[in-house]
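Structure first, then comments.
The values are calculated or read from the model by the stated rules, or taken from the named source; none is laboratory data. If you're wondering where the values come from, they're calculated on a predicted model, not measured in any experiment. Cβ atoms come from the backbone with ideal geometry, glycine included; neighbour counts cover every protein chain shown.
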Protein chains: 2
Amino acid sequence: MTDRNEEKDNDQEDELLSSALENTPRNVQLQSFLNRYETRQPKLLFTDHFQQHVKRRCSSMSFLYCLNALLDMIPIVRCLKEYNIRKNLFGDLIAGFTVSIMHIPQGMAYGVLATLPSIHGLYVSFFPVIIYMIFGTCPHLSIGSFAVVSLMTAQAIENVIQLPMNGMRNNQTSFSFSTESDLLMTDERINLATTLALLVGVVQLSLSFLRLGFLTVYLTEPFISGFTTGAAMHVFTSQIPLLFGIRTPRGIGKILKLPRFYVKIFHLLYHEINWMSTAIGLVSIVVLYVAKSLNDRYKSTIRIVLPSELILMIMWTIVSYFTKLHQKYSVPVVGEIKRGLPTPTIPSFESFNQLIISAVVIAAVSLSISISLAKMFSRKHNYKVSSNQELFAYGMANVISSFFQCYPSACPLGRSVVQEGSGGKTMLTGGFSSIILGTVIIALAPLLRSVPMTCLSAIIIVNLKGFFLQSRDFLFYFRINSFECILWTMTFMTVLLFDVDIGLYVGISTSFIINTVRTQKPRFVTLGQIEKTEIYEDIHRFPLAHEYPRVKILRFNESLYACNAPFFKRKLYEFIDIQFTQSPLISYGTEKTNINLSIYKFVVLECSPFNYIDTVGVKLLIEIYKDLKKRGIQLYLSECRSEVRHTLDEMQFYDKTDSGSIYVTTHGAVMAAKYHLDNETTNNDQRSQV
Amino acid sequence: MTDRNEEKDNDQEDELLSSALENTPRNVQLQSFLNRYETRQPKLLFTDHFQQHVKRRCSSMSFLYCLNALLDMIPIVRCLKEYNIRKNLFGDLIAGFTVSIMHIPQGMAYGVLATLPSIHGLYVSFFPVIIYMIFGTCPHLSIGSFAVVSLMTAQAIENVIQLPMNGMRNNQTSFSFSTESDLLMTDERINLATTLALLVGVVQLSLSFLRLGFLTVYLTEPFISGFTTGAAMHVFTSQIPLLFGIRTPRGIGKILKLPRFYVKIFHLLYHEINWMSTAIGLVSIVVLYVAKSLNDRYKSTIRIVLPSELILMIMWTIVSYFTKLHQKYSVPVVGEIKRGLPTPTIPSFESFNQLIISAVVIAAVSLSISISLAKMFSRKHNYKVSSNQELFAYGMANVISSFFQCYPSACPLGRSVVQEGSGGKTMLTGGFSSIILGTVIIALAPLLRSVPMTCLSAIIIVNLKGFFLQSRDFLFYFRINSFECILWTMTFMTVLLFDVDIGLYVGISTSFIINTVRTQKPRFVTLGQIEKTEIYEDIHRFPLAHEYPRVKILRFNESLYACNAPFFKRKLYEFIDIQFTQSPLISYGTEKTNINLSIYKFVVLECSPFNYIDTVGVKLLIEIYKDLKKRGIQLYLSECRSEVRHTLDEMQFYDKTDSGSIYVTTHGAVMAAKYHLDNETTNNDQRSQV
């Protein structure tokens, strides 16, 4: 770069050009342009960077700073300090009430979905909400029981329990309802669920302390949409047996899980269907669906959401209690419920090893869904949500709740939208909701023992509507972006055909692979000058763009690096009519010979799309430069960004090629090429004249 | 886009601008520019594309075409047809002879490395060479036995054999040399090795038939370099016991394999070291190293490579035979060797299931190394190598050889470089080499039974020199490209600390992950105009670049998509001084208020680095546009490429934002901003004057 000879060369070239072209910097070569305008910053070593960082940190450290930072980890303090009673109290109260009313039936239903006694679903709707209120930053999130996480909890428990009991379980054919048989080992299940919650919380807390919240950017929208849509299918399927009052088939492998599940269910349906249960369930679904639809329509006019789920549940409970549905028609009901808040117990660590993988998966799923929801609300209402603080809040919620017999919690879309829609403004919404839930758990729980299971299934199924509607995302991505569409489909299909955890792995891998595949075969276009401007555009799209004879202007619309270098080379040679294809062995008769001679004398490669170039890319450019030189073709680069220039420098591109082949602008390079061509022809003309 | 109102708007704006600015297309908005110059190509559906493709294919189909295509799959035909005896024959003969002389000791050594009788290494140096000569396209590749693949073959065999014999093996402490004990189950080992070769060949052939040769682009240079350097360490380690004449420790897990191996070896060394074997080995290493170094130095003057390995082997064989090294000093020797070519046998399919994963891994490793070598030579000598044809050739070589008691073959760097250096020009080189090897196998094999094992180890170890020198690649990547350096290090370290196959998985995953991570936090720069030109550059690097008051010109040096969208948003707001940070809870005393007011009125975002934008990116741009609008800031985009424009169109960017916010060039956008600002101030001035 600072080589003497080179500079001299540049200067000479420079003068030559200056005389021929108008003297604006854009028409000169990059080297002289940089010499004139650029200042090099002193290179900072890694250690210097680190020192600077530490210094900056230390200088801002003070007692007050630390105290503020600490208080920022407990956002409720700020919320209480800045609380505006007149502006916020009414909305928070209403929203808290509305959401707590949704919490009751949903909590019970999801508790059953997690194969635990339904009261534990209520615990999950109570404890995590209080803790999230203290540490969370998004007032519109309704943390608590969540269908997908409940299902995954059930599976994790199942995995551990099935192992030692495989033999025994096969003999157990006398039980008529899976939930009843499950209750036989309730204590073990509860133990496992609380351990799982603790582990999920620990995973989330560690992510938060390691400041790894940024990892959530890899859980992109198409992935989450495809994943939750697929998971909703699993939740839906898990409710079918409860709806029809039949046994839940167990021990189905992960391959083609859903179809095999349905085959088993159809078999069971024929033998065991409970018509009363089915009737109650289907009626509930229709009623709820209509009520929800009405609610959605008149949401704008009526502020308070109709507690259709609660009304329905109360109604069926009364009916069930007085008509003795359970005894007379053997409709499965919730059954005995413990009264009062659970006494704090320390989760057991026995099954730690068997649960840790499930815990990581559940942590990933719950945080990805919750954070994407929080970001959505924060965008809508313009407040800041910090991934790391949210992770901290979810982690604390799970860890502390795990001492109160809770299973892992998360933030479902449906309830959160209601919390937002019914006017919740601050974190206190959660507090008001918890007060009501606490009352229910302490005082009213025993009244709920007659709730028919099928009614809870109906509540879950109708709440899945939003997820099923997400399948429209497929069409959206299909129309607009094939890569996002592939990601959505891959994630959805693997969740559907295999299982939730496999879908998670495949989906995340796919999103990484897609980012590479996307850059494999970018468009490689020939550019032409638009009329007399200095704008160069694709000649296929802009018919008025004209090319200069014997000059090819090309643009490769991606960063050049190892994975697309072979494609780049092949295409480039195709564009300038150099072909490596051999003549056919048995000749056709009439054939052109000498196809290896290109009509071009100059190739200008616009490097503006190169955001990055690696050593393989630079090696290729040097190789192509030399090869074209041999064929009498000059390669010019233009519009290289500083990142690319830096790598070219480091790889001694300038020493290995003739210096002065890089131009600031495409127009400059084209003009230089034109100048050389014109010179050549006049020289030839003069010679021929002489 | 074709909306009437919008066009009218555009026209109005256009007129306004035209009057104010010079009337070149660059200064107008993108919409009017496109209307004037762009033609839309009719959208082709997928089916249309397919039809076109089929038509094109069918039209070129003819008997001659098909015949030629078929003949192109057997490149030897073309080679023989175009063979120039005067020009090529001498070089081919010399190269064939030289390489065959290298084949003999290496083949035997690698045969032992694969824990097979050494004669099988010679088979691998014979059969695949003939078949590759017929189907291959790269005359400089010396296919045959290869250290890394031999080692992986040994591991694959070990995995299968260990399973049923685990209990028995632990009791076997009487054997003094692993090779001897291995020979106890020679037949089983040979069976497994040939099955493995068949499977590897089938994998390669399927890749070739599915035209998946392009997948090899993911096996990038840093990966292959790191991988083979690590694998060389394993090969080196495997030779230590043979060198010192001790037992090979077995049954070491994959975690920290090498250190644990060394610990065991040090223990064995103390008890079992065979000093005679050690002496022979060390002397051989020194002699070979010196001979190779001399060879490298005088390569340019002497054309024929000194067959130092062969001379050394013959010498030690004679010494070993006459001094009875084996009997007197119990130096392990090669032992009984079958004479003559093996009779064709069909590989057994018993262990198919246990070998298939190893086969896929070996196929991937061997083809990635071979193809990268072939590409290197093809670049150097300017001929074309087709990945798919090469895959076909390797596959055929493995499949056919597997019927002749061969284990998987590949192309090592060292021998191939010799083949190239000693003047081989055409595929016939391989033929000449095979003739000599065939003679050795048929006639001279029994003479080799006294070759000391330690001598073969010495040959392998010295041949690893090239791989160890590759560790300099680390420094190269460290200096130039941190991402390639990370890839190299990750691959190398996992191979070193775990095992070859784990290294392969981790390396490939890393290269995918790196391509995503690379785009996470690109440089986001403020641009300024360079003097009076229309060139805008980073103001930090170009101190003469000047900004316009109240206009911020930004460039995000990567494609905007889901994974970097949050970073983009945060940085953009930082750049235009909009901060979301809350005031500290406990205030410091002196603080500015109203930090949320930006001094900027226009933000110009140069989109030239956007090679791709996804729906998340567009949504973010719309959101930012609207948010900035609320704050009284106008966002202009400039230099959007057609791919980006297409996605913006599809996402109704123009409907959702005010039309006319996209400009063709950055300068155009800046001028428009300046015009509006000037207008505003003159209006204000006029008003204040009135």
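Could you tell me which residue of the range B:525-561 is surrounded by the fewest Cβ atoms within 10 Å (Cβ to Cβ), considering only residues that are at the interface with chain A (Cβ under 9 Å from one of its Cβ atoms) and in contact (Cβ under 8 Å) with a residue 24 or more places away in the chain? Filtering the range B:525-561 for residues that are at the interface with chain A (Cβ under 9 Å from one of its Cβ atoms) and in contact (Cβ under 8 Å) with a residue 24 or more places away in the chain, the one surrounded by the fewest Cβ atoms within 10 Å (Cβ to Cβ) comes out as B:Glu534. For the residues A:Ser308, A:Ser320, the requirement of being of a type in the set (S, T, N, Q), surrounded by 12 or more Cβ atoms within 10 Å (Cβ to Cβ) and either over 26 Å from A:Gly96 (Cβ atoms) or modelled with pLDDT of 85 or more (or both) singles out A:Ser320. Using the structure shown, decide if A:Met233 is within 29 Å of A:Ala410 (Cα to Cα), among the hydrophobic types (A, V, I, L, M, F, W, C) and in contact with a Pro (Cβ under 6 Å, 6 or more places away or on another chain). No; evaluated as a whole, the condition is false for this residue. Checking each residue in the range A:39-65 for being at pLDDT 75 or above, surrounded by 10 or more Cβ atoms within 10 Å (Cβ to Cβ) and within 11 Å of chain B (Cβ to nearest Cβ) picks out A:Ser62, A:Leu64, A:Tyr65. Taking the criterion of being touching a residue at least 12 places away in the same chain (Cβ under 8 Å) and among the aliphatic types (A, V, I, L, M), the residues of the range A:374-393 that qualify are A:Ala374, A:Val385, A:Leu391, A:Ala393. Pairing residues of the range A:62-74 that are touching a residue at least 60 places away in the same chain (Cβ under 8 Å) with residues that are hydrophobic (A, V, I, L, M, F, W, C), at Cβ distances under 9 Å and at least 6 apart in sequence or on separate chains, gives A:Asp72/B:Leu585; A:Met73/A:Phe135; A:Met73/A:Phe392; A:Ile74/A:Ile134; A:Ile74/A:Phe135. Filtering the range B:76-114 to residues that are within 14 Å of chain A (Cβ to nearest Cβ) and not in a loop (DSSP other than H, G, I, E, B) leaves B:Ile76, B:Val77, B:Arg78, B:Cys79, B:Leu80, B:Lys81. Please find, among A:Ser434, A:Ser450, A:Ser409, the residue that is in contact (Cβ under 8 Å) with a residue 12 or more places away in the chain, assigned by TED's automatic domain parsing to the domain that holds A:Phe126 and in contact with a Pro (Cβ under 7 Å, 6 or more places away or on another chain). Result of the check over A:Ser434, A:Ser450, A:Ser409: A:Ser409. Among the residues of this structure, B:Tyr477 counts as one that is part of a helix (DSSP H, G or I) and of a type in the set (Phe, Trp, Tyr).
Matching residues to (1) of a type outside the set (D, E, K, R); (2) at pLDDT below 90; (3) assigned by TED's automatic domain parsing to the domain that holds B:Thr647; (4) crowded, with 16+ Cβ neighbours inside 10 Å:
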| residue | (1), (2), (3), (4) |
| --- | --- |
| B:Cys563 | yes, yes, yes, yes |
| B:Ile586 | yes, yes, no, no |
| B:Ser598 | yes, yes, yes, yes |
| B:Phe602 | yes, no, yes, yes |
| B:Leu605 | yes, no, yes, yes |
| B:Pro609 | yes, no, yes, yes |
| B:Ile613 | yes, no, yes, yes |
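Scanning the range B:646-666 for residues that are more than 10 Å from chain A (Cβ to nearest Cβ) and assigned to a helix (DSSP H, G or I) yields B:Leu648, B:Phe653, B:Tyr654, B:Asp655, B:Lys656, B:Thr666. Residues that are buried (at least 22 other Cβ atoms within 10 Å of the Cβ) and within 14 Å of another protein chain (Cβ to nearest Cβ) within the range A:626-644 comprise A:Ser638, A:Glu639, A:Cys640, A:Arg641, A:Val644, listed in sequence order. Within the set B:Leu258, B:Leu306, the sole residue that is without any contact (Cβ under 8 Å) to a residue 24 or more places away in the chain and either assigned to a helix (DSSP H, G or I) or more than 30 Å from B:Ile502 (Cβ to Cβ) (or both) turns out to be B:Leu306. For the residues B:Thr301, B:Thr323, B:Thr278, the requirement of being β-branched (Val, Ile, Thr) and within 35 Å of the chain's Cα centre (by Cα) singles out B:Thr301. In the condition set (1) away from every other protein chain (no Cβ under 13 Å); (2) at pLDDT below 85, B:Ser386 is compliant with all but (1).
The residues listed here are A:Ser238, A:Ser208, A:Ser293; of these, the one that is surrounded by fewer than 17 Cβ atoms within 10 Å (Cβ to Cβ) and within 30 Å of A:Gly421 (Cα to Cα) is A:Ser293.
Per the conditions (1) surrounded by fewer than 16 Cβ atoms within 10 Å (Cβ to Cβ); (2) modelled with pLDDT of 85 or more; (3) under 30 Å from A:Ser482 (Cβ atoms), the sole criterion not satisfied by A:Glu221 is (1). If you go through the range B:466-508 and keep only what is within 14 Å of another protein chain (Cβ to nearest Cβ), more than 13 Å from B:Pro222 (Cβ to Cβ) and either among the hydrophobic types (A, V, I, L, M, F, W, C) or buried (at least 16 other Cβ atoms within 10 Å of the Cβ) (or both), you end up with just B:Val506. Residues that are modelled with pLDDT of 85 or more, over 13 Å from A:Ala458 (Cα atoms) and part of a helix (DSSP H, G or I) are absent from the range A:241-253 altogether. Among the conditions (1) more than 21 Å from A:Ser150 (Cβ to Cβ); (2) not assigned by TED's automatic domain parsing to the domain that holds A:Gln106, A:Leu312 misses just one, which is (1).
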